[in-house]
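The values are calculated or read from the model by the stated rules, or taken from the named source; none is laboratory data. Given the structure is predicted, the values throughout are model-derived calculations rather than measurements. Cβ sites come from the backbone with ideal geometry, for glycine too, and all protein chains shown count toward neighbours.
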Amino acid sequence: MGEILVLVDHVDGAVRKPTLELLTLARRIGEPSAVFLGKGADAATETLGRYGAQKVYVVDAAEVDDYLVVPKADALAQIAESASPAAILVPSSADGREIGARVAVRLGSGLITDAVDVVAGENGPETEQSVFAATYQVRAHVTKGTPIITVKPNAATPEEAPATPAVEAVSVTFSAAATGTKIVATAAREKSDRPELTEADIVVSGGRGVNGAENFVVIERVADALGAAVGASRAAVDAGWYPHSHQVGQTGTQVSPQLYIAAGISGAIQHRAGMQTSKTIVAVNKDEDAPIFDLVDYGVVGDLFKVMPQLEEEINKRK
Amino acid sequence: MKIVVCVKYVPDATADRGFNEDGTTDRESVDSLLSELDEYAIEQALQIVESGVEAEITYLTVGPDDAREALRKALAMGGDKAIHVSDDDIQGSDALGTSLILAKAIEKAGFDLVVCGMASTDGAMGVLPAMIAERLGVPQVTYLDEVSVEGGVVKGRREGDVASETVEASLPAVISVTDRTGEARFPSFKGIMAAKKKPVEELDLDDLEIDSDEVGLSASWSTVDAATARPARTKGEVVTDEGEGGVQLAAFLAAKKFI
Ligand SMILES: Cc1cc2nc3c(=O)[nH]c(=O)nc-3n(C[C@H](O)[C@H](O)[C@H](O)COP(=O)(O)OP(=O)(O)OC[C@H]3O[C@@H](n4cnc5c(N)ncnc54)[C@H](O)[C@@H]3O)c2cc1C
Ligand SMILES: Cc1cc2nc3c(=O)[nH]c(=O)nc-3n(C[C@H](O)[C@H](O)[C@H](O)COP(=O)(O)OP(=O)(O)OC[C@H]3O[C@@H](n4cnc5c(N)ncnc54)[C@H](O)[C@@H]3O)c2cc1C
C-alpha cells in the first residue's frame, strides 16, 4: 500500500483530535506517515504511533512558528517530493486549507477541501463533501498528481492501531517567500474547561434572543449540565455577547454533533450551514414560525428564559 | 499604487442551489449575485484609499457573461475600473484552474495589493487567495479581521487556528478579509450612475496567453462523481411551553439517552 502523508495539527506537541481522525482515515487508503512541523515532536510521537503512524517526519525550524503558512507549505511539499506519497491528508483548519492549496499548486496536484469522509476507490481516494449549506452531498476524486484532501473534524471516529513509528528529522530548504508574512504577535485565546466546539458531542447555542452578554449564563448552565460546548449565532457574536471562536455557521465553525440545541436563534441559511448535519436538532424559540423549527427533531415554542433554566434543573434532577 | 479586488459572481445562497448533470454548478435556475463575502473585500479596499493611500482600484472577476453584474455592483460602491475574464473554455474550472486565470489577469493588470474575500459563498473553499499568492510569488496575509496599509506594509489581525495573531508583510501582497472587518456600504444613487461610465475590460484566455486545455472542466485536477440532494430533515414534534416546556424537552433528551 502507498504512503499517506498526514499533516499533524498540534499545540506545542499536544496532538489535536482531528489528527487522530486523519490517521484513522489514512489507514483505509494506505500506510500513514505523520508530518510534524514545529516544536514538541517527542511528546507527540507516542500518540501518533498509537493511532497507526508508521513514520513521523519532523521539521523543527523556527520559521514554522514565526511566519504564516508558507514555511509549512515548503516543508510539506519538500517531504512529498521525496516520499512520493499516494495521497496527502490535511486538517480543514484555516492554516490546513491554505497549506494544502499551496502544495497543490506546487505539485500540480488536485485539491479537495472539507471532506467529511474518505474511502479507497477505483481511482484513488474517494471523498464525500457536504456542500451548499449542507443541502448536497458530493462524491469526488482527484484526477491529477497527488490527491491532496483537507478533512473536516469529526469525519471519523479515531481508532487505535499501535505502531512504533520511525522518526525522521527533515531539514527543509525554505523558499524565498517563506519569511514573507511575519507573525509579529500572538494572543492566546481564553481557555475554557468546556469541550471544543468542533469536538463536542453536544453543542448548546444562543442567538440574538439571548439579549445580552450577561444572559449567556443561561446557555452556559445548560451546556455544563450536559457536558456540552457553547455556540453562538453571528448576531450574538456581532453584538459582542460571546467570542467569535464560538460562532457556528458559514463564517464561523461548522459543527456536526450528536445533539445541537439552538436557543433564541431564527435559523438563517448561513447559520444552518454550520449545524444542519447534526444528528439530533432541538430548538427553543418564542416565534412558532421561526425557520429553525423546520429542522428540529424536537422544538419548544416559548421564552428561552423560562424554558432553559427549567431544562437545566430537570437535567440535574435526572442525573 | 494599484489595488486589484477579486470578486466572484455566485448563485444566491438563499435560493435552492443545485448541480448540472456533469457535476458543475447549476447557474441557470437560480439567480446569481456578487458573493456577499466579497463586499467586505471591496469595502476594505475603499477604506484603504480613504485612509490616505493613493491608489487605483480595479475589480476582477472570472465568470460567465452576466458576471458583469457583480462588477457593476462593485463599481457602484466605488473604485475605478474592472476586468471581466470570460471564455467558453473556462466553464467547470476547479480551484487550480481558476487561480491560474486570476493570477495571469492580475499580472497583466499590474498590482501592489490584491484584496480577496475569505471564501466564496458557493464553492466556499477559502483557498484561492493562498493559490494566487503562490502563483504570483508574493506574501499572503489572509483571513484578516482588521487591516491597514501604511508605508508599503500591510498589517492585520486574524484569528488563527489556536491564537489571535498580528501579522504583517511588505507589498506587493495578497490579502483576504473576513466578515468581521465591518459592514460594507450600500451603493448610492450617485454611485450607481457613476458606475455606468466606469470602464470594464473584457478578456478571454487568448488575451491571458492561457491554453484552453489548461483550464475548464476537462482539464480539471479533480472530478465530481456524484452530487445528491440530502434528504430534507423531517420536522419533529414542536410543543408550546405552557409552564412545562423545559421538563418536556428534558424528557425528549432522556428518551434519546442524552441525559
Ligand atoms: C455572508 C454571511 C455570512 C454569515 N455567517 C453567519 C454565521 O457563520 N453564523 C450565523 O449564525 N449567522 C451568519 N450570518 C448571519 C445570518 O444571516 C443571520 O443574520 C444570523 O444567523 C441571525 O442570528 P440569530 O438567529 O441569533 O438572530 P435573529 O435572526 O434575530 O433571531 C433571533 C431569534 O430569537 C428569537 N427570540 C427572541 N427572544 C427570545 C426569547 N426570549 N426566547 C426565545 N426566543 C427568542 C426570535 O423569535 C428569533 O427567531 C451570515 C450572514 C451573511 C450575509
Ligand atoms: C459546491 C462546490 C464544491 C467545490 N469543490 C471543489 C474542490 O473540492 N476542489 C476544487 O478544486 N474545486 C472545487 N470547486 C470549484 C471551485 O469552487 C471553483 O473552481 C472556484 O473557482 C474556486 O473556489 P471557491 O469559489 O471556493 O473560491 P474561494 O477560495 O472560496 O474564494 C476566495 C476568494 O477568491 C476570490 N475568487 C474566487 N473565485 C473567483 C472568481 N471566479 N473571480 C474572481 N475572484 C474569485 C474572491 O475574492 C473570493 O472571496 C467546487 C465548487 C462548488 C460549487
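Against the criterion of being part of a helix (DSSP H, G or I), near ligand 2 (Cβ under 10 Å from one of its atoms) and of a type outside the set (D, E, K, R), A:ALA104 qualifies. Considering only segment B:228-248, I want to know if a residue exists there that is in contact (Cβ under 8 Å) with a residue 60 or more places away in the chain and within 7 Å of chain A (Cβ to nearest Cβ). For segment B:228-248, residues in contact (Cβ under 8 Å) with a residue 60 or more places away in the chain and within 7 Å of chain A (Cβ to nearest Cβ): present. Are any of the residues in segment A:77-84 within 11 Å of chain B (Cβ to nearest Cβ) and modelled with pLDDT of 95 or more? Yes, segment A:77-84 has at least one match. Would it be correct to say that A:LEU295 is more than 7 Å from chain B (Cβ to nearest Cβ) and in contact with a strand residue (DSSP E or B) (Cβ under 9 Å, 6 or more places away or on another chain)? In short, no. Restricting segment A:131-152 to residues that are among the hydrophobic types (A, V, I, L, M, F, W, C) and closer than 25 Å to A:MET275 by Cα leaves a set whose member that is farthest from the other protein chains (Cβ to nearest Cβ) is A:VAL151. Within segment B:58-65, can one find any residue that is under 21 Å from B:VAL174 (Cα atoms), assigned to a loop (DSSP other than H, G, I, E, B) and not polar (S, T, N, Q)? So far as segment B:58-65 goes, yes, one or more of its residues are under 21 Å from B:VAL174 (Cα atoms), assigned to a loop (DSSP other than H, G, I, E, B) and not polar (S, T, N, Q).
Being at the interface with another protein chain (Cβ under 7 Å from one of its Cβ atoms), within 20 Å of B:ILE259 (Cβ to Cβ), more than 11 Å from ligand 1 (Cβ to nearest atom) and surrounded by fewer than 20 Cβ atoms within 10 Å (Cβ to Cβ) is a condition met by no residue of segment A:256-273.
Could you list, ordered by first residue, the pairs with Cβ atoms under 6 Å in which the first is in segment B:10-24 and facing another protein chain (nearest Cβ under 8 Å) and the second is buried (at least 17 other Cβ atoms within 10 Å of the Cβ) and outside any loop (DSSP other than H, G, I, E, B), at least 6 apart or interchain? Taking only residues 6 or more apart or on different chains, the pairs are B:ALA13/A:ILE269; B:THR14/A:ILE269; B:ARG17/B:PRO11; B:PHE19/B:ALA227; B:GLY23/B:VAL224; B:GLY23/B:ALA227.
Between A:ALA101, A:ALA120, the distinction of being within 7 Å of another protein chain (Cβ to nearest Cβ) and not charged (D, E, K, R) belongs to A:ALA101 only.
Flag: B:VAL114 matches the condition of being within 14 Å of chain A (Cβ to nearest Cβ) and of a type in the set (A, V, I, L, M). In summary, strands (runs of 3 or more DSSP E) completely within segment B:102-219 and bearing 2 or more residues that are more than 16 Å from ligand 1 (Cβ to nearest atom) and either free of Cβ contacts under 8 Å to residues at least 40 places away in the same chain or buried (at least 18 other Cβ atoms within 10 Å of the Cβ) (or both) occur at B:113-117, B:140-150, B:153-159, B:163-170, B:173-177.
Could you check segment B:122-142 and list, in sequence order, the residues that are closer than 24 Å to A:ALA133 by Cβ and more than 7 Å from chain A (Cβ to nearest Cβ)? Once the filter is applied, which keeps residues that are closer than 24 Å to A:ALA133 by Cβ and more than 7 Å from chain A (Cβ to nearest Cβ), segment B:122-142 yields B:ASP122, B:GLY123, B:ALA124, B:LEU128, B:PRO129.
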